[in-house]
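Written below as structure tokens is the structure these notes are about.
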């Protein structure tokens with residue numbers, strides 16, 4: 001067992017909150033991502049390293065690596081490492097101290113309790129005690145961050161949490177299949193009806209993506225990304241004065257990070273797993 005390393009499946013905005021907390025707590029973190037991450041809150045998602053080679057958020061640098069040895073080397077340099085490893089093949093080379101599924105796919109994409117001595121999963125789609133040792137609640141509200149040792153998180157409702165009086169209308173989904181081209185940037189204040197992007201279909205026709213209300217464009221999928229109808233592509237926040245929120249880890253992400261850290265410490269004590277080097 002590598003007693004310093006935690007593997008986090010996922011590198012989106014919520015996974016980034018988890019990675020941030022674990023890194024600050026002294027763990028070496030390797031994040032696993034797909035070859036084409038689709039985060040909309042890109043300015044606070046380490047998965048942008050897949051496209052840019054590296055990503056820095058709140059003073060922590062994440063570097064895309066070509067293999068496990070390079071990832072471990074980046075960890076030694078004091079950076080978060082990222083690998084294109086959808087299938088979690090890294091486990092053929094190292095056994096981490098803990099593994100966290102923070103993909104937030106609303107379903108289990110292959111995580112199981114045999115992957116590490118400590119396995120934690122975020123959100124619906126997992127059963128504590130079967131798929132993971134602990135499942136963390138991700139639904140906004142009273143139970144956000146709650147640790148379940150049995151049972152599951154609240155099932156996906158398909159309805160975004162309420163923020164400043166807006167819920168479903170604050171998240172924008174593609175209405176057409178095609179390539180998305182941005183006409184606005186994260187951090188912009190947009191007015192209701194403004195064109196924030198266009199989707200160019202196979203025929204070359206461009207379909208405008210319009211702001212649903214006046215607010216701060218907090219999330220927008222990467223320019224040139226191929227989307228399908230129903231794909232989540234943007235997020236608007238009515239709190240236009242909260243510009244800095246677009247570039248810092250959210251309260252929800254930090255809460256989940258704290259819960260994951262607590263769960264790891266709790267399970268280490270419960271299972272009598274020593275973190276110190278022998």
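The values are calculated or read from the model by the stated rules, or taken from the named source; none is laboratory data. Everything quoted here is computed from the prediction, not taken from an experiment. Glycine also receives a Cβ, built like all others from the backbone with ideal geometry; neighbour counts cover every protein chain displayed.
Key figures
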read-out: Long-range neighbours under 8 Å by Cβ, at least six apart or interchain, first residue in the same structural domain as residue 13 (by TED's automatic domain parsing) and without any contact (Cβ under 8 Å) to a residue 24 or more places away in the chain within segment 217-235, second surrounded by fewer than 24 Cβ atoms within 10 Å (Cβ to Cβ) and outside any strand (DSSP E or B); value: none
read-out: Test: residue 175 is assigned by TED's automatic domain parsing to the domain that holds residue 266 and surrounded by 14 or more Cβ atoms within 10 Å (Cβ to Cβ); value: no
read-out: Residues located in segment 212-231, provided they are surrounded by 14 or more Cβ atoms within 10 Å (Cβ to Cβ) and in a loop (DSSP other than H, G, I, E, B); value: 212, 213, 214, 221, 222, 225, 231
read-out: Tabulated pairs, segment 92-105, first assigned by TED's automatic domain parsing to the domain that holds residue 22 and in a helix (DSSP H, G or I), second modelled with pLDDT of 95 or more and surrounded by fewer than 24 Cβ atoms within 10 Å (Cβ to Cβ), C-beta under 9 angstrom, 6+ apart or interchain; value: 92/68
read-out: Whichever residue in segment 74-91 is in a helix (DSSP H, G or I) and exposed (fewer than 14 other Cβ atoms within 10 Å of the Cβ) and, among such residues, is farthest from the chain's Cα centre (by Cα); value: 76
read-out: Segment 181-195 residues that are under 11 Å from residue 237 (Cβ atoms), paired with ones that are in a strand (DSSP E or B) (beta carbon under 6 Å, 6 or more apart); value: 186/217; 186/220; 189/216; 190/196; 190/217
read-out: Given (1) within 26 Å of residue 247 (Cβ to Cβ); (2) not in a strand (DSSP E or B), number of the condition residue 180 does not satisfy; value: (2)
read-out: Those residues of segment 49-73 which are surrounded by fewer than 21 Cβ atoms within 10 Å (Cβ to Cβ) and either modelled with pLDDT under 95 or not in a strand (DSSP E or B) (or both), in sequence order; value: 51, 52, 53, 58, 59, 66, 67, 68, 69, 70, 72, 73
